[in-house]
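Here is the structure we will look at.
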Amino acid sequence: MERSLDIILDLCFGSCGKGLIGGYLATKHKYDFAIESYGVQAGHTVIKQDGTKYVFQQLPQALINDSTKLYIGAGAVIDLVQLENEVDQYLGGKEKAKGRLFIHPRASVIQQTHRDWEKENIRSGSTFKGVGAASAFKVMRHPDHKLMHDIREWSNFLADTAEMACDDLEQGKTGILEIAQGFELGINHGFQYPHCTSRECSPMQGLSDNGIPPKHIRDIYGVIRTYPIRISNDMAKSDGGEAYSGDGGKEITWEEVEQRAGAPIGTFSSKELTTVTKKLRRVFEIDVNRIKRAVKLTGVNKLAVNFIQYINYDDAGITQYDQLSEKSKQYIEMMERETGIPVVLIGTGPRNNQVIDRSI
């Protein structure tokens, strides 16, 4: 049996541009299915070559291919309003989505009590969307907790997505498993507890949450960005609270990044707002030792480096490696040398066609 499942994950703290790389891979490989177990605390942005923009919190980003089946796994944490909004916006409504979208009946459903609990109790960085509390309620088998099999209006979409994905792979079909957030946010092996998310953000966790054995893995793409980010410490103030989003290493300013890259002041900072909360991100020097650790613990065999234009702004939009500046090439070569993993994809801008593919 030929292995035909690709996995994509972020090796830093999230917001490394998985949407760009995932969208590029989806366009390139035309996967038969995409599977994930997202929560609404993270957003994934895909911008096609024609400028069409997609922002997903619940649906797989490979949705941009009309023929790709969409699986939401048992580990997902679902906001019903957000799910319906995305189905309406990107799939043309529930009727048109039937036969393409499938949801595992054991996926969790967020309720207002989950959001309220987080706002009252969490003091580490959180989006306060109720994802962590809903996950905890599921583990506790809380009597008030709801799963998707309790939601009558979505009954036509319920299916054993784990078995469907495994059947597809056994038949030689191709799939992509999309991991949300970033490895360094993992609750067990991430950078800093309790300033973390509510679960692991690794290929192993993704396989478990979605019910797929590792024997199907073809490639694991680890995505990094040239300057890692973390969410703002001020993001909770709009909800009447305070929260610390955690250490990220040596913190610097966006102005310093712009000066190093030769970009006009404000060029990067004006775009560096979180997908979900719309708050300005904090920015850090990359810690190569942490990337090496993430590579070791996740088993990635291919790297994707995004935001290479933050190294040299002249490289924005370039699509051929030999056209990159020496400064950017040196960064790529350093990353390959330090990690021992080839950098096969390089993002030079936000659109799917602004990717250097070194594998072709």
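The values are calculated or read from the model by the stated rules, or taken from the named source; none is laboratory data. This structure is a prediction, so every number in the text was calculated from the model and none was measured. Here the Cβ is made from the backbone with ideal geometry for all residues, glycine too, and neighbour counts use every protein chain on show.
So F56 clears everything in (1) of a type outside the set (A, V, I, L, M); (2) at pLDDT below 95; (3) closer than 20 Å to E153 by Cα except one condition, right? Which one?
All conditions pass for F56, except number (3).
I'd like the full set of residues that are buried (at least 16 other Cβ atoms within 10 Å of the Cβ) and either more than 26 Å from the chain's Cα centre (by Cα) or closer than 14 Å to S37 by Cα (or both), limited to region 131-144.
Scanning region 131-144 gives V131, G132, A134, S135.
Let's see how each residue does on (1) in a loop (DSSP other than H, G, I, E, B); (2) over 16 Å from the mean Cα position of the chain (by Cα):
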position: M1; (1), (2): yes, yes
position: G14; (1), (2): yes, no
position: L20; (1), (2): no, no
position: G23; (1), (2): no, no
position: Y31; (1), (2): yes, yes
position: Y38; (1), (2): yes, no
position: T45; (1), (2): no, no
position: L83; (1), (2): no, yes
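Within region 213-250, how many residues turn out to be part of a strand (DSSP E or B) and either closer than 30 Å to W117 by Cβ or modelled with pLDDT under 75 (or both)?
Total meeting the criteria: 3.
Mind listing just one residue for me: the one in region 282-309 that is more than 20 Å from the chain's Cα centre (by Cα) and not charged (D, E, K, R) and, of those, farthest from N352 (Cα to Cα)?
By that ranking, first place goes to N289.
So that you can scan it fast, the table gives a plain yes or no per residue for (1) surrounded by fewer than 17 Cβ atoms within 10 Å (Cβ to Cβ); (2) part of a helix (DSSP H, G or I); (3) in contact with a strand residue (DSSP E or B) (Cβ under 7 Å, 6 or more places away or on another chain):
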residue	(1), (2), (3)
L303	no, no, yes
D314	yes, yes, no
T319	yes, no, yes
D322	yes, yes, no
S328	no, yes, no
E333	yes, yes, no
E336	yes, yes, yes
L345	no, no, yes
G349	no, no, no
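T274: modelled with pLDDT under 85 and surrounded by fewer than 21 Cβ atoms within 10 Å (Cβ to Cβ), yes or no?
In short, yes.
Here are D50, D88, D66: which of them is not in a loop (DSSP other than H, G, I, E, B) and not aliphatic (A, V, I, L, M)? Steps first, please.
Working: D50 fails: not in a loop (DSSP other than H, G, I, E, B); D66 fails: not in a loop (DSSP other than H, G, I, E, B).
Answer to the selection: D88.
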